[in-house]
C-alpha cells in the first residue's frame, strides 16, 4: 500500500493528488441552473450518499443492526430534506 504523502527530490513531503479531503466535493455541479445554493445542496447530496454507504457497510459487517441502520438513514434523510428546504425554493416544483 502506498502512502498518501510522497517525497520530492528535496525530501519535502507533497500531498498525493489522488487523496481527497472529506470536505471536497466528489464531482462538480454542472446544472444549467447553477447557483451557490444549488452547489451547496449538491455537496449535501454527495455527503448523504457517502453517509448512507457507510451506514450500509456498518450494517453489512455486523457493526450495526438493521433497525439502527434504518434509524440512522432516516436521520440523514431528514437532514438532506431540511437542507433542500433551506437552500432551494419551492419554485422548482418539488413538494417533497
>> With equal scatterers on the alpha carbons only and no solvent term, can you work out the Debye log10 of I(q)/I(0) for the range 33-86 at 0.14, 0.20, 0.32 1/Å?
In response: -0.41, -0.69, -1.18
> Going by how many other Cβ atoms sit within 10 Å of their own, how do 72, 67 line up, fewest first?
Replying inline: 67, 72
> Taking a spot 7 Å from the Cα of residue 38 along the direction of its beta carbon, which residues of the range 48-85 have an amide N less than 17 Å from it?
Replying inline: 84-85
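None of the figures in this text is laboratory data; all of them are computed from the coordinates on show. In this text, all values refer to a predicted model and were calculated from it rather than measured experimentally. So basically every Cβ, Gly included, is an ideal-geometry build from the backbone, and we count neighbours across all protein chains shown.
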